[in-house]
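The values are calculated or read from the model by the stated rules, or taken from the named source; none is laboratory data. In this text the structure is predicted, and so the values were computed from the model without any measurement. All Cβ positions, glycine included, derive from the backbone under ideal geometry; neighbour counts span all protein chains shown. Just the protein is used for accessible areas: all its heavy atoms, side chains included, with ligands, DNA and RNA removed. Shrake-Rupley method; radii C 1.70, N 1.55, O 1.52, S 1.80 Å.
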Amino acid sequence: MNAKLCADKSAYIVNEYYKNNVSPYLDAMADNVIWHGPAIGQRLESLAAMREAWGNEQNALTFTLGDTEVQYIQTSPSSCEVMMMYVVTTYYPNGETLPLFQRIQFSWGDVVYTDENGRRKRIPKIFMVHISNPGEQHSDDFIYPMHFNEVYDHSAKPFQVPRISLRGSDNVFYVLALSSILWIESQPEQHSIVHLTDRALRIRDSVSVIEKQTEGKLIRVHSGFIVNPGEVRSVQRFSVTMSDGAVIPIPERKYTVIKKLLLGS
């Protein structure tokens, strides 16, 4: 079993789930999976029970995911654990929104199948799901929190897309909204530090690799720095000041071009 591939698949199925495409999520489950939902008392045993529960519930909600941190660890040659942490914002038909910090843990294990030619194959499946943001459950809800805003009344600005995927330490990667990134600085050995509002992340990717993912939405102002133009507070000769107070150099020969890119003129 490849733990990194299971982590990648975990991120994919959760992302699809919150697009209201539950098929990849359910297809990844083992037949004897145990599912613990986010609200107190939510528990299902077996894939058949999960399919029945999702099939019986009508969902008029939409969702967006915020920045996502994915941690994973190989627990044996045939199993691994994946933990995802993110904010998911729920949009209700009446126009209200509810952001909620959520942690979800997937326990992956190999299942041996025999194909039509009699060959045995190992396919990773999820045997345990634990969503660990327990809260009070509305009596009319089971899978989706359609009345959750009646239990917890809260609202906030939803997270924005697009997002990029960045490699952290050996067993961690992040899926970040571009809008949440303030600036990025290069580090030795092709590493980088990504500065967010509330923390800085050490990333294994170089600024050049990151720049390609941003598709021009973040701007390379220096060989060692990328900035979010929306977080620029001022541009002075040969430097730029960011919203967190950081002053980032601009090469003299590129100053005029970069100033136009940042200021849009």
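Out of everything in region 226-251 that is within 22 Å of VAL209 (Cβ to Cβ) and in contact (Cβ under 8 Å) with a residue 60 or more places away in the chain, what residue ends up being most open to solvent (accessible area, probe 1.4 Å)?
Top of the filtered list is ALA246.
What is the number of the single condition among (1) crowded, with 18+ Cβ neighbours inside 10 Å; (2) modelled with pLDDT of 95 or more; (3) within 30 Å of ASN94 (Cβ to Cβ) that LEU65 does not meet?
Looking at each condition in turn, LEU65 falls short on (2).
Please determine whether any residue of region 56-72 is under 21 Å from SER10 (Cα atoms), among the acidic types (Asp, Glu) and touching a helix residue (DSSP H, G or I) at 6+ places or on another chain (Cβ under 6 Å).
Yes; the residues of region 56-72 include at least one that is under 21 Å from SER10 (Cα atoms), among the acidic types (Asp, Glu) and touching a helix residue (DSSP H, G or I) at 6+ places or on another chain (Cβ under 6 Å).
If a residue must be part of a helix (DSSP H, G or I) and of a type in the set (Phe, Trp, Tyr), how many such residues does region 231-265 contain?
Count: 1.
ALA48: at pLDDT below 95, open to solvent by 50 Å² or more (accessible area, probe 1.4 Å) and of a type outside the set (Asp, Glu), yes or no? Steps first, answer last, please.
Numbers: at pLDDT below 95: no; open to solvent by 50 Å² or more (accessible area, probe 1.4 Å): yes; of a type outside the set (Asp, Glu): yes.
No; evaluated as a whole, the condition is false for this residue.
Looking only at region 94-118, filter to residues that are under 30 Å from SER180 (Cα atoms) and modelled with pLDDT under 90; which one of those is nearest to the chain's Cα centre (by Cα)? Working first, answer last.
Taking region 94-118 as the starting set, the residues that turn out to be under 30 Å from SER180 (Cα atoms) are 94-107.
Still in the list and also modelled with pLDDT under 90: 94-101.
On the way: ASN94: 26, GLY95: 24, GLU96: 22, THR97: 19, LEU98: 17, PRO99: 14, LEU100: 13, PHE101: 12 Å.
Among them, the one singled out is PHE101.
Assess whether LEU182 counts as being under 24 Å from ALA7 (Cβ atoms) and either in contact with a strand residue (DSSP E or B) (Cβ under 8 Å, 6 or more places away or on another chain) or open to solvent by 20 Å² or more (accessible area, probe 1.4 Å) (or both).
no
Out of curiosity, is VAL87 part of a strand (DSSP E or B), crowded, with 16+ Cβ neighbours inside 10 Å, at pLDDT 95 or above and in contact with a Phe, Trp or Tyr (Cβ under 7 Å, 6 or more places away or on another chain)?
Values: part of a strand (DSSP E or B): yes; crowded, with 16+ Cβ neighbours inside 10 Å: yes; at pLDDT 95 or above: no; in contact with a Phe, Trp or Tyr (Cβ under 7 Å, 6 or more places away or on another chain): yes.
No.
Filter region 1-19 down to residues that are in contact with a strand residue (DSSP E or B) (Cβ under 7 Å, 6 or more places away or on another chain) and within 22 Å of GLY55 (Cβ to Cβ) and give me whichever is least open to solvent (accessible area, probe 1.4 Å).
VAL14
Go through region 90-105 and give me each residue that's hydrophobic (A, V, I, L, M, F, W, C) and either open to solvent by 30 Å² or more (accessible area, probe 1.4 Å) or in contact with a Gly (Cβ under 6 Å, 6 or more places away or on another chain) (or both).
Passing the criteria: LEU100, PHE101.
If you take the residues of region 210-223 that are surrounded by 15 or more Cβ atoms within 10 Å (Cβ to Cβ) and without any contact (Cβ under 8 Å) to a residue 40 or more places away in the chain, which of them is nearest to the chain's Cα centre (by Cα)?
Only one residue fits best here, namely GLU211.
Residues that are touching a residue at least 24 places away in the same chain (Cβ under 8 Å), of a type in the set (Gly, Ala, Ser), under 24 Å from ALA7 (Cα atoms) and touching a Phe, Trp or Tyr at 6+ places or on another chain (Cβ under 8 Å): does region 52-72 have at least one?
Looking through region 52-72, at least one residue is touching a residue at least 24 places away in the same chain (Cβ under 8 Å), of a type in the set (Gly, Ala, Ser), under 24 Å from ALA7 (Cα atoms) and touching a Phe, Trp or Tyr at 6+ places or on another chain (Cβ under 8 Å).
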